[in-house]
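Asker: Quick one: structure below, then a few questions.
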There are 2 protein chains.
Amino acid sequence: MDLHIDGARLLRRLDELALIAPITGPNGERGNARLALTDEDRAGRDLVVSWMRDLGLDVSVDGIGNVIAVMTGHPGVAPVMTGSHIDTVATGGRFDGNLGVLAGLEVIESVIEAGIKLERPLAVGFFTDEEGARFAPDMLGSLVYAGGLGLEEALDIVSIDGARLGDELEKIGYQGGAPCPGPAPHAFVELHIEQGPVLEIEGFRLGAVTGVQGISWTRVTLSGQSNHAGTTPMQMRRDPAAAMIRMGAALQEIVADVGSPQVGTIGSIELKPNLINVVPARATFTVDVRHTDERTLRDVERRLRVEMERIAAEHGVELSTESLARFEPVVFDERVVSLVERAAIERDLSVMRLPSGAGHDAQMMARLCPTAMIFTPSRGGVSHNPAEHTDDDDLVAGCQVLADVMLALTVNAWMEE
Amino acid sequence: MDLHIDGARLLRRLDELALIAPITGPNGERGNARLALTDEDRAGRDLVVSWMRDLGLDVSVDGIGNVIAVMTGHPGVAPVMTGSHIDTVATGGRFDGNLGVLAGLEVIESVIEAGIKLERPLAVGFFTDEEGARFAPDMLGSLVYAGGLGLEEALDIVSIDGARLGDELEKIGYQGGAPCPGPAPHAFVELHIEQGPVLEIEGFRLGAVTGVQGISWTRVTLSGQSNHAGTTPMQMRRDPAAAMIRMGAALQEIVADVGSPQVGTIGSIELKPNLINVVPARATFTVDVRHTDERTLRDVERRLRVEMERIAAEHGVELSTESLARFEPVVFDERVVSLVERAAIERDLSVMRLPSGAGHDAQMMARLCPTAMIFTPSRGGVSHNPAEHTDDDDLVAGCQVLADVMLALTVNAWMEE
């Protein structure tokens, strides 16, 4: 079953979809702004659905607006599925999500053109509100598909602009009758840009994604005593900014000690009153730590907690923490990851195993069936930005490996490995 | 020359002045909002000037609005002068500045009442815009009086609300004809609340102020690369917040190494874009370091600079710094400091030598004549706040020692010590 996808056709479709709700970056880069369930999102959906119908696929829309197109001719047989999303953030690039959907379409069209008969149908879908930029949480559509969130609860979510999700879904005509949760595919594999710098810096064409990092987000508030920065001797201070600095240094030490793939970030800091000559009364900051292994992540959280309590006591400041998000790591199916790796090697494409630092629809689908992902390089690691870029060769290579993996998954042999 | 001041009269005047432009703190504390050269400031000035005139003093107003009242009868003899300011910050307390002016008035009234004949006249003044809360820089009036800033330049300063200083001065009727710079007094001594916690914590009734700390204010800007907090491995980051944390830790180490009275504060931090899951592109923060010794202060600045350059290089971030203020330390006259110390001891008041961490008009007057200050304790070190408090006993004790010191300064014997 040697199938060659049509790279030029994939690139044309990527270009055409990018014409809907275009935005321009500071250096003329072409990006998109298609926030979930807006008129722009509807226009994007309509275009992709028209392509699905042109191929004679069986298109269904479920109660949360996920759209899935399946090859006909295999009633009752679970498909090998791919897909991603076509909603973007407000300052989105052209590839994030869109690549995975249009590559899936390309794989199916190539199979149909080649007249290949499969034991299982292929399917491609796009999930509602993956970005979470308009309706929280992110990966909403795939979460509902996988049964992680009830449909009614999801429809009642209110957007950042005050609109109810269910109303917006109805307004754009994408509240369908297919059931939520949806049926489990035979297997799921998603092609996506990396959105990070690893493949580029390490010099690999493709990534075989082993899973998604667990995420722990905490907001830390330190309350001390506001004082005059000139008249208050150091030993008489209860300075929350000084304590925050030492906690940040402790985080850096813990992260360095655990080593890769542990990451830790302090991305947000607010001091009150935030004046040059006043010892602050309060410091609020966020801690983002991620690891692929749940036990390691818990250990990092515990070590940081111990350090923060010790430092708060030493500085005489009051410590309070609030968990803003906590997701356990997702481990993809080793058999599917191996298929990705081997398919790349057979196409003479250098490939590296790596975890995903960002969340993806595939992590929700992993609850339902054997799942993995394929990453293409992101220039400079840039994403959620019109400057987001992947070379054409890499886009096409990713699509070709997606095709090879999907075909391999239609034959049950992979399940025994 | 044993003179007893009238403590009750001092407290009454403090209460009466506090009725002009009163504000209330969260726990009902009484404070004041008399920003420089506003109608509120004028009302305060008018009241104090009426008291000066009631005592038959020779009241003069100079070109920048400083008001000085001198005892009559000693034409051509330089007075022993005291004074402070009656302008406040927007959230001011009742004692900051006001105490020094009204205590000076009380000393003079007591001398007049007691019929004491002095070799030199006494004088009390209040200087324009000490706080700098409306017109920068602070200690503006005394700076112009001492010749540190030209009158015309000062009159052209524009306030935070867009008004020209000269116009505002004229509007409230306090642009006078006395010359700037002003004549040098024989000696100057200022009574002020500490505005810090040292006297209270160390258990002393009074402070003999040895000088004013030198101040170095720097704004530091670190530019790095904004990145996804999940997908960007630690070793591929150029994280300005991480570099800022290490620079803050370096500052803490240097300050601890130098030891008291070195202080160092990071009071203001801004990250961009300041989001939980984004490695910041930029971190801006301020560094406030102060020491009483200029060589030590320079050494601290140099050591911090070396550390910041090393850390910036290690983190791959661009470092730029801007000096926002730099004042050399002021050392008060040892003879006047000793007089303060002895006067307190003779009144059975515990007294401690300490430097001032805040700026005061006395540091400008120190350019013109032998100068020192007397501090009273500030409860909890709180100042620039309606909760600012000094016990009545301490206010009265400070005024008594001010009287004793001023009288001693009228006799030339102190100059030989």
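Quick grid of which residues meet (1) closer than 17 Å to B:Val220 by Cβ; (2) more than 20 Å from the chain's Cα centre (by Cα); (3) among the basic types (Lys, Arg):
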site	(1), (2), (3)
B:Glu253	yes, yes, no
B:Gly259	no, yes, no
B:Gly267	yes, no, no
B:Leu271	yes, yes, no
B:Ile276	no, yes, no
B:Val279	no, yes, no
B:Thr284	yes, yes, no
B:Val287	yes, no, no
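Asker: Do you know which residues across region A:239-253 are in a helix (DSSP H, G or I) and of a type outside the set (A, V, I, L, M)?
Answerer: First pass over region A:239-253, keeping only residues in a helix (DSSP H, G or I): A:240-253.
A:Pro240, A:Arg246, A:Gly248, A:Gln252, A:Glu253, listed by residue number.
Asker: I'm trying to understand the selection: among the residues of region A:263-275, which are touching a residue at least 24 places away in the same chain (Cβ under 8 Å), within 25 Å of B:Asp288 (Cβ to Cβ) and touching a Leu at 6+ places or on another chain (Cβ under 7 Å)?
Answerer: Listed by number, the list holds a single entry, A:Ile269.
Asker: Could I ask something else about it? Cβ-Cβ below 7 Å, separation at least six or inter-chain, first residue in region A:9-20 and in the same structural domain as A:Asn32 (by TED's automatic domain parsing) and modelled with pLDDT of 95 or more, second among the polar types (S, T, N, Q) and buried (at least 17 other Cβ atoms within 10 Å of the Cβ): which pairs?
Answerer: That search, which allows pairs on different chains as well, returns A:Leu14/A:Asn98; A:Leu17/A:Asn98; A:Ala18/A:Asn32.
Asker: OK, next. On the basis of being crowded, with 23+ Cβ neighbours inside 10 Å, more than 9 Å from chain B (Cβ to nearest Cβ), farther than 27 Å from A:Glu294 by Cα and more than 15 Å from the chain's Cα centre (by Cα), does A:Leu199 make the cut? Walk me through it before giving the result.
Answerer: On the way: crowded, with 23+ Cβ neighbours inside 10 Å: yes; more than 9 Å from chain B (Cβ to nearest Cβ): yes; farther than 27 Å from A:Glu294 by Cα: no; more than 15 Å from the chain's Cα centre (by Cα): yes.
So A:Leu199 fails the test.
Asker: Ok, one more. Please name all residue pairs, on different chains or six or more residues apart, with Cβ atoms under 7 Å, provided the first residue is in region B:223-251 and is under 13 Å from A:Ser383 (Cα atoms) and free of Cβ contacts under 8 Å to residues at least 12 places away in the same chain and the second residue is assigned to a loop (DSSP other than H, G, I, E, B) and small (Gly, Ala, Ser).
Answerer: Final answer for the pair search is B:Thr231/A:Gly196; B:Thr231/A:Gly357; B:Thr231/A:Ala358.
Asker: Here is a further query. For the structure I just gave you, tell me whether B:Ile160 is within 11 Å of chain A (Cβ to nearest Cβ) and under 27 Å from B:Ser268 (Cα atoms).
Answerer: Numbers: within 11 Å of chain A (Cβ to nearest Cβ): no; under 27 Å from B:Ser268 (Cα atoms): yes.
Taking the combined requirement at face value, the residue does not satisfy it.
Asker: From the residues in region A:400-417 that are assigned to a helix (DSSP H, G or I) and at pLDDT below 95, which one is nearest to A:Asn27 (Cα to Cα)? Walk me through how you get there before you give the answer.
Answerer: The first filter runs over region A:400-417 and keeps only residues assigned to a helix (DSSP H, G or I), leaving A:400-410, A:412-416.
Then drop every residue that is not at pLDDT below 95, which leaves A:412-416.
Values: A:Asn412: 48, A:Ala413: 49, A:Trp414: 46, A:Met415: 48, A:Glu416: 50 Å.
Filtering first and then ranking leaves A:Trp414.
Asker: Which condition number in (1) surrounded by fewer than 16 Cβ atoms within 10 Å (Cβ to Cβ); (2) assigned by TED's automatic domain parsing to the domain that holds A:Ile245; (3) of a type in the set (D, E, K, R) is the one that A:Glu307 fails?
Answerer: The one condition A:Glu307 does not meet is (1).
Asker: For region A:237-262, how many residues meet the condition of being more than 30 Å from A:Asp293 (Cα to Cα) and either surrounded by fewer than 20 Cβ atoms within 10 Å (Cβ to Cβ) or more than 7 Å from every other protein chain (Cβ to nearest Cβ) (or both)?
Answerer: First pass over region A:237-262, keeping only residues more than 30 Å from A:Asp293 (Cα to Cα): A:237-242.
Right, trim to either surrounded by fewer than 20 Cβ atoms within 10 Å (Cβ to Cβ) or more than 7 Å from every other protein chain (Cβ to nearest Cβ) (or both) and you get A:237-240.
So the answer is 4.
Asker: Quick test for you: out of A:Ala146, A:Ala69, A:Ala114, A:Ala90, pick the one residue that is touching a Leu at 6+ places or on another chain (Cβ under 7 Å), under 15 Å from A:Ala178 (Cα atoms) and surrounded by fewer than 24 Cβ atoms within 10 Å (Cβ to Cβ).
Answerer: Numbers: A:Ala69 fails: surrounded by fewer than 24 Cβ atoms within 10 Å (Cβ to Cβ); A:Ala114 fails: under 15 Å from A:Ala178 (Cα atoms); A:Ala90 fails: under 15 Å from A:Ala178 (Cα atoms).
The unique qualifying residue is A:Ala146.
Asker: Then there is this: Can you name every one of the strands (runs of 3 or more DSSP E) wholly within region B:57-137 that holds 3 or more residues which are hydrophobic (A, V, I, L, M, F, W, C)? Before the answer, list the steps.
Answerer: On the way: elements: B:58-61, B:67-70, B:80-84, B:122-126.
Qualifying strands (runs of 3 or more DSSP E): B:67-70, B:122-126.
Asker: I've got another one for you. Would you say B:Glu130 is within 23 Å of B:Gly44 (Cβ to Cβ) and under 17 Å from the mean Cα position of the chain (by Cα)? Break it down into steps so the answer makes sense when it comes.
Answerer: Numbers: within 23 Å of B:Gly44 (Cβ to Cβ): yes; under 17 Å from the mean Cα position of the chain (by Cα): yes.
Yes.
Asker: While we're here: State which residue is modelled with the highest pLDDT when the search covers only region B:364-386 and only residues that are within 12 Å of chain A (Cβ to nearest Cβ) and not in a loop (DSSP other than H, G, I, E, B).
Answerer: B:Phe375
Asker: Checking the condition of a type outside the set (Phe, Trp, Tyr), closer than 26 Å to B:Arg53 by Cα, touching a residue at least 60 places away in the same chain (Cβ under 8 Å) and in contact with a strand residue (DSSP E or B) (Cβ under 7 Å, 6 or more places away or on another chain), which residue from B:Val107, B:Val101, B:Val144 passes?
Answerer: Values: B:Val101 fails: touching a residue at least 60 places away in the same chain (Cβ under 8 Å); B:Val144 fails: in contact with a strand residue (DSSP E or B) (Cβ under 7 Å, 6 or more places away or on another chain).
Among B:Val107, B:Val101, B:Val144, only B:Val107 is of a type outside the set (Phe, Trp, Tyr), closer than 26 Å to B:Arg53 by Cα, touching a residue at least 60 places away in the same chain (Cβ under 8 Å) and in contact with a strand residue (DSSP E or B) (Cβ under 7 Å, 6 or more places away or on another chain).
Asker: Follow-up. Among the numbered criteria (1) under 27 Å from the mean Cα position of the chain (by Cα); (2) among the polar types (S, T, N, Q); (3) surrounded by 15 or more Cβ atoms within 10 Å (Cβ to Cβ); (4) not assigned by TED's automatic domain parsing to the domain that holds B:His384, which one does B:Ser323 miss?
Answerer: (3)
Asker: When you scan region B:211-235, how many residues do you find that are outside any loop (DSSP other than H, G, I, E, B), within 9 Å of chain A (Cβ to nearest Cβ) and surrounded by fewer than 20 Cβ atoms within 10 Å (Cβ to Cβ)?
Answerer: Total satisfying the criteria: 3.
Asker: For A:Val289, are the conditions met, namely being buried (at least 17 other Cβ atoms within 10 Å of the Cβ), closer than 21 Å to B:His315 by Cβ, touching a Lys or Arg at 6+ places or on another chain (Cβ under 7 Å) and not charged (D, E, K, R)? Break it down stepwise before answering.
Answerer: Working: buried (at least 17 other Cβ atoms within 10 Å of the Cβ): yes; closer than 21 Å to B:His315 by Cβ: yes; touching a Lys or Arg at 6+ places or on another chain (Cβ under 7 Å): no; not charged (D, E, K, R): yes.
So A:Val289 does not fit the description; no.
Asker: Scan region B:153-176 and report the pairs whose first residue is in the same structural domain as B:Phe127 (by TED's automatic domain parsing) and whose second residue is among the aromatic types (Phe, Trp, Tyr), with Cβ atoms within less than 9 Å and a gap of 6+ or a chain change.
Answerer: B:Ala154/B:Phe135; B:Ile157/B:Phe135; B:Val158/B:Phe135; B:Ser159/B:Phe135; B:Ile160/B:Phe135; B:Ala163/B:Phe135; B:Leu165/B:Phe135; B:Glu168/B:Phe135
Asker: Give me a count of the residues in region B:159-174 that are surrounded by fewer than 21 Cβ atoms within 10 Å (Cβ to Cβ) and either assigned to a loop (DSSP other than H, G, I, E, B) or at pLDDT below 95 (or both). Break it down into steps so the answer makes sense when it comes.
Answerer: Going through region B:159-174, the residues surrounded by fewer than 21 Cβ atoms within 10 Å (Cβ to Cβ) turn out to be B:159-164, B:166-167, B:170-173.
In the following step, the residues that additionally are either assigned to a loop (DSSP other than H, G, I, E, B) or at pLDDT below 95 (or both) were identified as B:159-163, B:172-173.
Total meeting the criteria: 7.
Asker: I've got another one for you. Considering only region A:387-399, state which residues are acidic (Asp, Glu) and either in a helix (DSSP H, G or I) or more than 17 Å from the chain's Cα centre (by Cα) (or both).
Answerer: Step one: of region A:387-399, the residues acidic (Asp, Glu) are A:388, A:391-394.
A:Asp391, A:Asp392, A:Asp393, A:Asp394, listed by residue number.
For (1) under 16 Å from B:His360 (Cα atoms); (2) of a type in the set (Lys, Arg); (3) out of contact with any Pro (no Cβ under 8 Å at 6 or more places or on another chain); (4) not assigned by TED's automatic domain parsing to the domain that holds B:Glu168, each residue gets a yes or a no:
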site	(1), (2), (3), (4)
B:Ile68	no, no, yes, no
B:Thr72	no, no, no, no
B:Pro79	no, no, no, no
B:Ser84	yes, no, yes, no
B:Gly97	yes, no, yes, no
B:Leu105	no, no, yes, no
B:Ile108	no, no, yes, no
B:Glu113	no, no, yes, no
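Asker: If you go through region B:138-158, how many residues are assigned to a loop (DSSP other than H, G, I, E, B), under 30 Å from B:Ala343 (Cα atoms) and in contact with a Phe, Trp or Tyr (Cβ under 9 Å, 6 or more places away or on another chain)? Full working, then the answer.
Answerer: As a first pass, look at region B:138-158 and keep what is assigned to a loop (DSSP other than H, G, I, E, B): B:138-139, B:146-150, B:156-157.
Now drop any that are not under 30 Å from B:Ala343 (Cα atoms), which leaves B:139, B:146.
In the following step, the residues that additionally are in contact with a Phe, Trp or Tyr (Cβ under 9 Å, 6 or more places away or on another chain) were identified as B:139.
Within region B:138-158, residues that are assigned to a loop (DSSP other than H, G, I, E, B), under 30 Å from B:Ala343 (Cα atoms) and in contact with a Phe, Trp or Tyr (Cβ under 9 Å, 6 or more places away or on another chain) number 1.
Asker: Going through region B:34-66 one residue at a time, which ones are surrounded by fewer than 18 Cβ atoms within 10 Å (Cβ to Cβ), within 18 Å of B:Glu130 (Cα to Cα) and either acidic (Asp, Glu) or in contact with a strand residue (DSSP E or B) (Cβ under 9 Å, 6 or more places away or on another chain) (or both)?
Answerer: Once the filter is applied, which keeps residues that are surrounded by fewer than 18 Cβ atoms within 10 Å (Cβ to Cβ), within 18 Å of B:Glu130 (Cα to Cα) and either acidic (Asp, Glu) or in contact with a strand residue (DSSP E or B) (Cβ under 9 Å, 6 or more places away or on another chain) (or both), region B:34-66 yields B:Asp39, B:Asp46, B:Val49.
The values are calculated or read from the model by the stated rules, or taken from the named source; none is laboratory data. This one's a predicted model, so the numbers in the text were calculated from it and none came from an experiment. Positions of Cβ are generated from backbone atoms using ideal geometry, with glycine treated the same way; all protein chains shown enter the neighbour counts.
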